[in-house]
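Student: Before I ask anything, let me first share the structure, which is written out below as structure tokens.
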Amino acid sequence: MSAVRLLALGAVRRRGRAHGYQVRADLESWGAHEWSSATSGSVYHALRSAAGRGLLREHEVSPSAVGGPPRIEYELTDDGERAYLDLLRTALSSRDPRMDLLAAAVGLIEDLPRAEAVDLLRRRAAAMDDWEAGITTHLPPDADLATWGPVGDVIGLWLHTARSRAEWTRALLDRVERGAYRMAGEV
């Protein structure tokens, strides 16, 4: 799953119809160039790729003032809408450790109804718990990771990551349940 694809589809969806420069400017205003691989080239590539897969409809709107190709605006197709929401749902509910993907999904969370976002975040928290349990299941009950050398530090890193991500997810879940954000379908 690509954070750039999720971001590009989300930006087009929020505008209704947008050209590449607008999408890139939106992502930069969100700071996505700082926490993801959303560079100018990757955004244009994601848009062209999504259009080639039938997720975006292309509209030629104006010729270039300097003689280049016409400017193209993009609009989500029905398949694009489904693909975008599937990407968003998967990114919010999975334990995927990639921070750029999670950041993209959280930045676009308002595109979901509140009840669905709550359910997805609950699934993510459970996935973090399962991840931690999967690590600890293989450890002896009296394991002292400090005596295991670098392997102990790696295991400690994964345990810390699973626990901190579960805690962070539960804090976000609590805010969303208490009414944070204006979610899809709310006025």
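Student: Which of the numbered conditions does Val118 fail, given that it passes all the others? Conditions: (1) closer than 18 Å to Leu88 by Cα; (2) touching a Lys or Arg at 6+ places or on another chain (Cβ under 9 Å).
Tutor: (2)
Student: Does Asp111 qualify as being farther than 27 Å from Arg15 by Cβ, modelled with pLDDT of 95 or more and of a type outside the set (A, V, I, L, M)?
Tutor: Working: farther than 27 Å from Arg15 by Cβ: no; modelled with pLDDT of 95 or more: yes; of a type outside the set (A, V, I, L, M): yes.
Considered against the rule, which asks whether it is farther than 27 Å from Arg15 by Cβ, modelled with pLDDT of 95 or more and of a type outside the set (A, V, I, L, M), Asp111 comes out as no.
Student: Of all residues in segment 92-142, which are surrounded by 19 or more Cβ atoms within 10 Å (Cβ to Cβ) and without any contact (Cβ under 8 Å) to a residue 12 or more places away in the chain?
Tutor: Listed by number, the list holds a single entry, Leu102.
Student: Test Arg5 against the stated conditions and say whether it is surrounded by 14 or more Cβ atoms within 10 Å (Cβ to Cβ) and among the basic types (Lys, Arg). Let's see the steps before the verdict.
Tutor: Working: surrounded by 14 or more Cβ atoms within 10 Å (Cβ to Cβ): yes; among the basic types (Lys, Arg): yes.
It is true that Arg5 is surrounded by 14 or more Cβ atoms within 10 Å (Cβ to Cβ) and among the basic types (Lys, Arg).
Table: residues versus (1) touching a Leu at 6+ places or on another chain (Cβ under 8 Å); (2) basic (Lys, Arg).
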{"residue": "Pro113", "(1), (2)": "no, no"}
{"residue": "Ala117", "(1), (2)": "yes, no"}
{"residue": "Arg122", "(1), (2)": "yes, yes"}
{"residue": "Ala125", "(1), (2)": "yes, no"}
{"residue": "Met128", "(1), (2)": "no, no"}
{"residue": "Val151", "(1), (2)": "no, no"}
{"residue": "His160", "(1), (2)": "no, no"}
{"residue": "Arg178", "(1), (2)": "no, yes"}
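Listed here are the residues, each with its yes/no results for (1) outside the structural domain of Leu157 (by TED's automatic domain parsing); (2) modelled with pLDDT of 95 or more; (3) in contact with a Gly (Cβ under 7 Å, 6 or more places away or on another chain).
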residue: Trp30; (1), (2), (3): yes, no, yes
residue: Ser37; (1), (2), (3): yes, no, no
residue: His45; (1), (2), (3): yes, no, no
residue: Ala65; (1), (2), (3): yes, no, no
residue: Arg82; (1), (2), (3): yes, yes, no
residue: Arg95; (1), (2), (3): yes, no, no
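Student: So how many residues does segment 33-73 have that are part of a loop (DSSP other than H, G, I, E, B), in contact (Cβ under 8 Å) with a residue 24 or more places away in the chain and among the polar types (S, T, N, Q)?
Tutor: Of the residues in that region, 2 qualify.
Student: Looking at segment 143-166 only, could you name the residues that are under 27 Å from Pro113 (Cα atoms) and surrounded by fewer than 12 Cβ atoms within 10 Å (Cβ to Cβ)?
Tutor: Residue satisfying the conditions is Ser164 alone.
Student: So if I check each of Arg124, Arg89, which one is in a helix (DSSP H, G or I), farther than 23 Å from Val12 by Cβ and out of contact with any His (no Cβ under 8 Å at 6 or more places or on another chain)?
Tutor: Numbers: Arg89 fails: farther than 23 Å from Val12 by Cβ.
Step by step, each of Arg124, Arg89 is checked, and only Arg124 is in a helix (DSSP H, G or I), farther than 23 Å from Val12 by Cβ and out of contact with any His (no Cβ under 8 Å at 6 or more places or on another chain).
Student: Right, here's the next one. Please enumerate the residues belonging to segment 142-182 that are of a type in the set (Asp, Glu) and not in a helix (DSSP H, G or I). Let's see the steps before the verdict.
Tutor: First pass over segment 142-182, keeping only residues of a type in the set (Asp, Glu): 142, 144, 153, 167, 174, 177.
Matches in segment 142-182: Asp142, Asp144.
Student: Of the residues Ser42, Ser49, Ser62, which single one is within 19 Å of His19 (Cβ to Cβ), exposed (fewer than 14 other Cβ atoms within 10 Å of the Cβ) and polar (S, T, N, Q)? Explain how you work it out, then say what you get.
Tutor: Numbers: Ser42 fails: exposed (fewer than 14 other Cβ atoms within 10 Å of the Cβ); Ser49 fails: exposed (fewer than 14 other Cβ atoms within 10 Å of the Cβ).
Within the list Ser42, Ser49, Ser62, the selection yields Ser62.
The values are calculated or read from the model by the stated rules, or taken from the named source; none is laboratory data. All values reported here derive from a predicted model rather than from experimental measurement. Ideal geometry is used to build each Cβ from the backbone, glycine not excepted, and the neighbour counts take in all protein chains shown.
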